[in-house]
1. Examine the range 172-195 for a residue that is among the aliphatic types (A, V, I, L, M), under 21 Å from the mean Cα position of the chain (by Cα), under 30 Å from ASN311 (Cα atoms) and assigned to a helix (DSSP H, G or I), and state whether such a residue exists.
2. Would you check if LYS58 is within 11 Å of ligand 1 (Cβ to nearest atom), surrounded by 15 or more Cβ atoms within 10 Å (Cβ to Cβ) and not assigned by TED's automatic domain parsing to the domain that holds LEU253?
3. Look through the range 197-219, keep the residues that are over 23 Å from the mean Cα position of the chain (by Cα), exposed (fewer than 11 other Cβ atoms within 10 Å of the Cβ) and assigned to a loop (DSSP other than H, G, I, E, B), and return whichever of them is nearest to ligand 2 (Cβ to nearest atom).
4. If we only count helices (runs of 4 or more DSSP H) wholly inside the range 250-310, which ones have 2 or more residues that are farther than 30 Å from ILE328 by Cβ and away from ligand 3 (no atom under 16 Å from the Cβ)?
5. What are the pairs with Cβ atoms under 7 angstrom where one residue, in the range 253-271, is within 14 Å of GLU295 (Cα to Cα) and the other, located anywhere, is basic (Lys, Arg) and not in a helix (DSSP H, G or I)? Sequence gap at least six, or different chains.
6. Does ARG224 meet the test of being within 16 Å of the chain's Cα centre (by Cα) and in a loop (DSSP other than H, G, I, E, B)?
7. Is it the case that SER248 is within 16 Å of ligand 2 (Cβ to nearest atom), within 21 Å of LEU293 (Cβ to Cβ) and touching a helix residue (DSSP H, G or I) at 6+ places or on another chain (Cβ under 8 Å)?
8. Out of (1) acidic (Asp, Glu); (2) surrounded by 18 or more Cβ atoms within 10 Å (Cβ to Cβ); (3) more than 22 Å from CYS227 (Cα to Cα), the odd one out for GLU306 is which?
Amino acid sequence: MAKKGILLINLGSPRSTAVEDVKEYLDEFLMDEKVIDYRWIFRALLVQGIILKTRPAKSAQAYKTVWTDEGSPLIVITKKIQQKLQKRVDVPVEIGMRYAEPSIETGIRNLVKKGITEIILFPLYPQYAMSTTETVIEKAEEIRKKKFPEVRINYVQPFYNRDLYTDCLAESIREKLPENFDALLFSYHGVPERHIYKTDPTKTCNMNDCCYKDAHPSHSFCYRHQCFKTTDLVIRKLGLPKDKVIVSFQSRLGKDKWIEPYTDHKLETIPGKGIKNLAIVCPAFVSDCLETLEEISVEGKEQFLEAGGENFTYIPCLNDEDRWIDVIRTLCEEQLNQFYLL
Ligand SMILES: C=CC1=C(C)c2cc3[nH]c(cc4nc(cc5[nH]c(cc1n2)c(C)c5CCC(=O)O)C(CCC(=O)O)=C4C)c(C)c3C=C
Ligand SMILES: [Fe+2]
Ligand SMILES: [Fe+2]
């Protein structure tokens, strides 16, 4: 009889805030061809020849501002999710990171040591992207084939449009929204536009109206659509009018065109349009991390206030909220049941 286990996957963090550790992490991350999707030689020239010369020192400084006694917030929160989930399911739960440690391989090995032969692997990303969901699945399959051919893996699919998730997100936001706010900004991590064209199996996404449409053949791989859809479902549940809601994309890197509008541009321009009291949420992330705690809560807040904004409320990610752990459990159980059907 096959033994089942759950593997929760998150992005990963450097092992410490030392510049050398941040450099090693960024090297692994940015040399992933699903993240910087240039031919190897051009990727190496850009990453190792340019980005890694200056970015590690800058990022290490930023990591220092969010680091806790227990370590990187992203890792600490993922471990808390694991511990809470473990109390609610009767199969072993492990974690793995796409970059750095504990790696996906470590996570699979920990399950295998417990006698597990069927794994429910949960990429902790609500929306599909080549640089998140796809690279996780590709890496896990590579490791499985090379090192654990006897193991079977079932993958939890992106859940951006699932009621159980958008209900949970809407409730979490509702509890944290300030009494008075002029707008709620949904800031998602950005990706280069090219990634969306590349992963569109129908080659029909025009990066324009089609991403807003309810039904379009490109949607199952269109990160931009999936972000708009998450927003739409959540604001309906919150009962917020569309004119009180803004969507934008953060964290762009390099000179390529990334999906628009950009969060930093929004933060600099909306106070001039009368939005002085802003609430902001980052639903591409399920756990708070450098990109939410530093880029948005500190840098973003400064930008907004300097541009004439008055009140800036950052709404934390779902982190280890109990209702979110229940969502994870249900999504994993669906996969556990799939195994029984096979
Ligand atoms: C949530 C989804 C994410 C997508 C999509 C994504 C795409 C993406 N990211 C980079 C470059 C960087 N991202 C960095 C940090 C970072 N990114 C995500 C998530 C997504 N990235 C998270 C959760 C984090 C935080 C990690 C942490 O330890 O807290 C960084 C490193 C930090 C920095 O120097 O700013 C880089 C670089 C690209 C190029 C990309 C798509 C192509
Ligand atoms: Fe990122
Ligand atoms: Fe699209």
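The values are calculated or read from the model by the stated rules, or taken from the named source; none is laboratory data. Source: prediction; values computed, not measured. Quick reminder, even Gly has a Cβ in these numbers, built from the backbone with ideal geometry, and neighbours come from all protein chains shown.
1. Kept after step one, since they are among the aliphatic types (A, V, I, L, M), are these residues of the range 172-195: 173, 177, 183-185, 191.
Retained after the next criterion (residues that are under 21 Å from the mean Cα position of the chain (by Cα)): 173, 184-185, 191.
Within this subset, residues satisfying the condition of being under 30 Å from ASN311 (Cα atoms) are 173, 184-185, 191.
Checking which are assigned to a helix (DSSP H, G or I) leaves us with 173.
Yes: the range 172-195 contains one or more residues that are among the aliphatic types (A, V, I, L, M), under 21 Å from the mean Cα position of the chain (by Cα), under 30 Å from ASN311 (Cα atoms) and assigned to a helix (DSSP H, G or I).
2. Working: within 11 Å of ligand 1 (Cβ to nearest atom): yes; surrounded by 15 or more Cβ atoms within 10 Å (Cβ to Cβ): no; not assigned by TED's automatic domain parsing to the domain that holds LEU253: yes.
Judged against the criteria, LYS58 is not a match.
3. Only one residue tops the list, namely LYS203.
4. Working: elements: 263-269, 290-293, 301-306.
Correct list: 263-269, 301-306.
5. Cβ pairs passing all conditions: TYR262/ARG252.
6. Numbers: within 16 Å of the chain's Cα centre (by Cα): yes; in a loop (DSSP other than H, G, I, E, B): no.
Here the answer is no, as ARG224 does not meet what is asked.
7. In short, yes.
8. (2)
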